[in-house]
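Novice: Provided herewith is a single structure, encoded as structure tokens, for subsequent inquiry.
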Amino acid sequence: MTRTLDTRPLTEPVDPEAVRAFKREAVAAGRAPASPVLGQLLGLLVGLPVALLVLGNVVGGFTRVVGAMATGEASASRLLPMSISAIAAIGITAIGAAVVVRAVRGVGRGGRWTRWYRLDRFAAANGLLFTPRSHGPGYPGAIFGQGSERTVHEHLRTESGRYIDLGDYSYVTGSGKNRTTHRWGFLAMHLDRKLPHMVLDARANNGLFGSTNLPASFRRDQVLSLEGDFDRHFTLYCPTEYERDALYVFTPDLMALLIDEAAPYDVEIVDDWLFVYRSRGFGSGDPAVYERLFRIVDTVGAKTVRQTVRYADERIGDRSLDVVAAPGRRLRRGVPVVLIVVAGVFVLGWVLQPLLAVLGALAGR
């Protein structure tokens, strides 16, 4: 049976004074930054003068057009550039006004603070803990340990019982003009036993040439094909010589649950953790998102726990030990498909260049 979440706090009207009290408490306790609306205020301070300046140019442009028409000096060669300039200025003014309105509304509604207040109440109603922003966890999954400035945004986790952790995880790679912020939605669930490293790479979110969207690629000789139409939804990677262990875990009923509940997401089992990933994050404050994530916990997660509660790596020799042998602990990394294709095109071009030059010379005779 799946749990019933109380999602009313995510949609009910909120008291602005309650939001302000929550902000004071969260900042004082160090649970959130002191100025999350700084960007909105900056947009307001910068956008308003720019919008007024452009509006002045619009008014001046139309005044010149009307004046030229009134004095009979309104030739097409003069009116066309003036009209184009005025229309362009109107467009720029409209964009600037939209920025200002959005900033004003954001400040007036409380912006992120209102959303964070809702999430805090949602957490309290469902036995969870909420933190607006946390340091990145040291999990062993594929998206963790990458880059720098690792942060979890809108962080929810269980207070008791089986440990469940979810939120939007970001990290930064590169610097200067090449600086890139990567954002992932993640769900982490603690299991009872350590298992071989296995990855279910969802086909629905793959990129060019079917390349994985995960920040890690794995060698193709570790791919295990499963029965039915499971391979249409996921590519399963498991360590070499651990195929029988993977079949022990991914029974037909678990595969059916994965297809029904988690097909859009990538799934990873590593050590005693089950991870679910979504590139670009889960988004925030949407009741349907949280209902689906906890449905995955109560179906896919619960079945995985039941299926693996007696798992033991026969290579260890002692089934009482909760240990996976070294060859099964981590998948071997591979080269991304896109890099292989690009390298192939480059090599092909280099090989064909002399032939093309000869053909060109012959054609010119």
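Novice: Looking at (1) more than 18 Å from the chain's Cα centre (by Cα); (2) surrounded by 20 or more Cβ atoms within 10 Å (Cβ to Cβ); (3) touching a residue at least 60 places away in the same chain (Cβ under 8 Å), can you tell me which one F234 breaks?
Specialist: (3)
Novice: Return the residues of the range 244-256 that are of a type outside the set (G, A, S), open to solvent by less than 20 Å² (accessible area, probe 1.4 Å) and either in contact with a Pro (Cβ under 6 Å, 6 or more places away or on another chain) or not in a loop (DSSP other than H, G, I, E, B) (or both); say none if nothing qualifies.
Specialist: Answer for the range 244-256, where residues must be of a type outside the set (G, A, S), open to solvent by less than 20 Å² (accessible area, probe 1.4 Å) and either in contact with a Pro (Cβ under 6 Å, 6 or more places away or on another chain) or not in a loop (DSSP other than H, G, I, E, B) (or both): D245, V249, L254, M255.
Novice: May I ask you to list the residues in the range 191-210 that are closer than 15 Å to I269 by Cβ and either open to solvent by 60 Å² or more (accessible area, probe 1.4 Å) or free of Cβ contacts under 8 Å to residues at least 24 places away in the same chain (or both)?
Specialist: Scanning the range 191-210 gives D192, K194.
Novice: Moving on. Under 6 Å by Cβ, and 6 or more places apart or on different chains, what pairs join a residue from the range 125-152 that is in contact (Cβ under 8 Å) with a residue 12 or more places away in the chain with one that is among the acidic types (D, E) and assigned to a loop (DSSP other than H, G, I, E, B)?
Specialist: A125/D6; N126/D6; G127/E159; L129/E159
Novice: Something else about it: Please specify each residue of the range 137-193 satisfying the condition of being more than 15 Å from D272 (Cα to Cα) and small (G, A, S).
Specialist: Within the range 137-193, G145, G147, S148, S160, G161, G167, S170, G174, S175, G176, G185 qualify.
Novice: Let me ask another. Is it fair to say D221 is open to solvent by 10 Å² or more (accessible area, probe 1.4 Å), touching a helix residue (DSSP H, G or I) at 6+ places or on another chain (Cβ under 8 Å) and of a type in the set (D, E, K, R)?
Specialist: no
Novice: Consider only pairs whose beta carbons are under 6 Å apart and that are at least six residues apart or on different chains; among these, list those whose first residue lies in the range 5-24 and is surrounded by 12 or more Cβ atoms within 10 Å (Cβ to Cβ) and whose second residue is not in a helix (DSSP H, G or I).
Specialist: Here the result reads L5/N126; D6/N126; L10/G285; V19/G110, each pair linking the range 5-24 to a residue that is not in a helix (DSSP H, G or I).
Novice: Tell me, please, whether a residue that is modelled with pLDDT of 95 or more and charged (D, E, K, R) can be found in the range 137-151.
Specialist: Scanning the range 137-151 turns up at least one residue that is modelled with pLDDT of 95 or more and charged (D, E, K, R).
Novice: Could you please find all residues in the range 271-299 being surrounded by 22 or more Cβ atoms within 10 Å (Cβ to Cβ) and closer than 17 Å to Y248 by Cα?
Specialist: L274
Novice: Also: Which one of the conditions (1) among the hydrophobic types (A, V, I, L, M, F, W, C); (2) at pLDDT 95 or above; (3) crowded, with 19+ Cβ neighbours inside 10 Å does I259 fail to meet, given that it meets all the rest?
Specialist: Going through the list (1) among the hydrophobic types (A, V, I, L, M, F, W, C); (2) at pLDDT 95 or above; (3) crowded, with 19+ Cβ neighbours inside 10 Å, I259 breaks only (3).
Novice: If G301 passes every condition in (1) free of Cβ contacts under 8 Å to residues at least 60 places away in the same chain; (2) among the small types (G, A, S); (3) under 17 Å from G161 (Cα atoms) but one, which one does it miss?
Specialist: (1)
Novice: Which residues, counting only those in the range 146-181, are under 30 Å from P327 (Cβ atoms) and open to solvent by 60 Å² or more (accessible area, probe 1.4 Å)?
Specialist: Across the range 146-181, the qualifying residues are R150, R162, Y163.
The values are calculated or read from the model by the stated rules, or taken from the named source; none is laboratory data. Since we're looking at a predicted model, the values are computed, not measured. We place every Cβ from the backbone using ideal geometry, glycine too, and count neighbours over all the protein chains shown. Surface accessibility is based on the protein's heavy atoms, side chains included, excluding ligands, DNA and RNA. Shrake-Rupley method; radii C 1.70, N 1.55, O 1.52, S 1.80 Å.
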